[in-house]
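Enquirer: Below is a structure I'd like to ask you about.
Just so it is clear, none of the values below were taken in a lab; they were calculated from the coordinates. Only a predicted model underlies this, so the values are computations on that prediction, with no experimental measurement involved. Cβ coordinates were reconstructed from backbone atoms using ideal geometry, including for glycine residues, and neighbour counts include every protein chain displayed.
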Ligand code: AHR
């Protein structure tokens, strides 16, 4: 079965004559017939109080010999500024539904400690709280996305937090904010109303949560310069009933509805598979699981279209990424995993899916930025490395806020043990200066694939490119060899009349610029 993607539609072509001849070539048509923008917020990040994501990640020991502002690690900030992260989701995750914001403001010595019951049962000292998070976002140049506590909090607690953050007049809460060093409102807009309310956020039914959402959302007020974009707990993977109930009962009262969807190499939560030691069959399975994002987004969008044909409600994929077994010898509650070329191929593929669904997917967040799950950055004391996934976000930043260009793709299959998945995926956009960018992923572990892209009415003269690849899909960056996998320039794309012809090496990601 070969798939043709055109814009958001997925069609299927079966038994095309001459298939064998197409085995290592793919054909693409790129159109500029679109008014859609790929929101920069698709490139968002997630940082939970989990393992070494915040503590010993963003927020380090005052004595650590690295450049810091307060306790914020500046080498990480500089790396993330380079890839233009647009938003950062905090404080969870499951942690959000046991977090009480008042514990994390005021003089640090006075802040109460708590147990992080979800993640390793460690003591949380609350030294990183609201002001520290918002200072971090300021340094990163990104928008904050705060998830409020529905599971173990109260309507009043959430309502007060919003007032504390966003009201610009006089009230006991704004007086407290001033006392804590920030007289001006923070103007936070992205607001999560709970997290995974079907699970760690309270084990609710969708009907119950829909009512809770309305109650909490009613008292989370808009203030001058900070109209809230309220994001409801959405489904996980293929829980279409959750989406149906939420759209029917809440609909356009929510700015967005989240979707959580992780790629497990084995598909089994009890033994997810190693981050670095896997066979080709396991690699194939991971990519196959990752490609299910196309199905999930398409089907949830179809339900949303039924209730919201004008596409006012955003689908916010605010937890996605590869979830493997933890690195041997590390705390199982800390979710620390290495990051290989396979992770980069998953990231490139997933971001292509989001770009191609930008009519509905207006925001997303990779889980999780530093030292947790499919991270962008790993640290070991004062050392840090940029993962292959980081480099994908670096390559793809050109799509942020660019005009979406629909594509039609005729791709060969990647076949392992008689199972098949499309070997190539891509997305395309045009930036404000008129430059066109194509991000192409060749998943096939062995075959190079020659892609011919017909650029239709799009005028261009020159093509240049960058590539991310390595000898093996298991290859990683290490603290001793942090540049093992890095972006290189790529010269194997040519202009052939109106077409661009590019040979994509096996297991690689390429971004072409046409101008
Ligand atoms: O990202 C790790 C956890 O995965 C989050 O805390 C939770 O929302 C999800 O189940």
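Enquirer: Treat each spin label as a single point 7 Å out from the Cα along the C-beta direction, and report the residue 382 to residue 302 distance in nm.
Expert: Calculated label separation equals 5.7 nm.
Enquirer: Could you give me D for the range 117-228, from Stokes-Einstein at 10 °C and 1.306 mPa s, where the hydrodynamic radius is the Kirkwood radius over C-alpha pairs? Units µm² s⁻¹, please.
Expert: Translational D for this selection: 104 µm²/s.
Enquirer: Okay, moving on. Antiparallel DSSP bridges in the range 215-373: what percent, to the nearest 5?
Expert: So the antiparallel bridges amount to about 5 percent of the total.
Enquirer: Among 326, 361, which comes first, second and so on when ranked by fewest other beta-carbon atoms within 10 Å? Don't skip to the end; give the middle numbers.
Expert: Details: 326 19, 361 25.
Fewest-to-most Cβ neighbours within 10 Å comes out as 326, 361.
Enquirer: Cβ neighbours within 10 Å, averaged per peptide: list 455-462, 403-410 in order, most packed at the top.
Expert: Ranked by mean Cβ neighbours within 10 Å, highest first: 403-410, 455-462.
Enquirer: Say a paramagnetic label sat at a point 7 Å from the Cα of residue 415, along Cα to Cβ; which residues of the range 425-449 have their backbone N under 17 Å from it?
Expert: 443-449
Enquirer: How high is the FRET efficiency from residue 103 to residue 187, r the C-beta distance, R0 35 Å, rounded to 0.05?
Expert: Numbers: r = 23 Å, r/R0 = 0.66.
That pair, residue 103 with residue 187, gives E of 0.95.
Enquirer: So for the chain, what are the equivalent ellipsoid semi-axes in whole Å, largest first, each being the square root of 5 times an eigenvalue of the Cα gyration tensor?
Expert: So the three semi-axes of the chain are 38, 26, 22 Å.
Enquirer: How high is the relative contact order of the chain, in percent, with contacts defined as C-alpha pairs under 8 Å that are six or more residues apart?
Expert: 20
Enquirer: Using the 2.2 N^0.38 Å rule of thumb for compact globular proteins, work out how the range 172-225 stacks up: its C-alpha Rg over that value, please.
Expert: Expressed relative to 2.2 N^0.38 Å, the Cα Rg reads 1.51.
Enquirer: Rank-order 96-104, 366-374, 389-397 by packing density, defined as the average count of other C-beta atoms within 10 Å over each peptide's residues, highest first.
Expert: 366-374, 389-397, 96-104
Enquirer: Helix 206-219: angle to the longest alpha-carbon principal axis of the chain, degrees 0 to 90, nearest 10?
Expert: 60
Enquirer: Points 7 angstrom from Cα along the Cβ direction at residue 331 and residue 221: gap in nanometres?
Expert: 4.0
Enquirer: Using DSSP, restrict attention to beta bridges with both residues in the chain and report what percent are antiparallel, rounded to the nearest 5.
Expert: Working: 65 of 103 bridges.
Close to 65 percent.
Enquirer: Taking only Cα atoms of the range 39-182, what ratio of Rg to Rh do you get with Rh as the Kirkwood inverse-distance radius?
Expert: For the range 39-182, the value is 0.95.
Enquirer: Another one. Give, in nm to one decimal, the length gained when the segment between residue 471 and residue 311 is fully stretched (0.36 nm per residue of separation minus the Cα-Cα distance).
Expert: Value of the extension gain: 53.3 nm.
Enquirer: Compute the distance from the alpha-carbon center of the range 43-100 to that of the range 416-494, in whole Å.
Expert: After rounding, the separation between the Cα centres reads 30 Å.
Enquirer: Can you give me the orientation-averaged projected area of the convex hull built on the Cα atoms of the range 407-508, in nm²?
Expert: Working: hull surface 32.4 nm².
Taking the Cα atoms of the range 407-508, their convex hull projects to 8.1 nm² on average.
Enquirer: Okay, next question. What is the helix-to-structure angle for 240-249, meaning the angle in degrees between its Cα long axis and the longest Cα principal axis of the chain, kept from 0 to 90 and rounded to the nearest 10?
Expert: 50
Enquirer: Here's another thing I want to ask about it. Out of all DSSP beta bridges with both ends in the range 137-283, state the antiparallel percent to the nearest 5. Display every interim value, and only then the final one.
Expert: Numbers: 1 of 12 bridges.
Within the range 137-283, antiparallel bridges account for around 10 percent of the total.
Enquirer: Shifting gears a bit: What length, rounded to one decimal in nm, is gained on full extension from residue 122 through to residue 501, with 0.36 nm per residue of separation minus their alpha-carbon distance?
Expert: 131.1 nm
Enquirer: A further question on this structure: Compute the distance in nm between two label points, each set 7 Å from the Cα along the Cα-to-Cβ direction, one at residue 271 and one at residue 448.
Expert: Here the modelled spin labels are 3.9 nm apart.
Enquirer: Sorted by packing (mean other beta-carbon atoms within 10 Å per residue), highest first, where do 242-252, 105-115 land?
Expert: For the peptides 242-252, 105-115, the packing ranking is 242-252, 105-115.
Enquirer: Now a separate question. Using every alpha carbon pair in the range 197-332, what percent of pairs falls into each 10 Å bin from 0 up to the bin containing the largest distance?
Expert: 11, 35, 28, 18, 7, 0
Enquirer: Percent relative contact order of the range 36-76, based on C-alpha pairs within less than 8 angstrom and at least six residues apart?
Expert: On the way: 24 pairs, mean separation 10.0, N = 41.
Worked out over the range 36-76, it gives 24 percent.
Enquirer: Please give the helix 341-356 orientation as an angle from the longest Cα principal axis of the chain, in degrees from 0 to 90, rounded to the nearest 10.
Expert: Between the helix axis and the principal axis of the chain, the angle is about 90 degrees.
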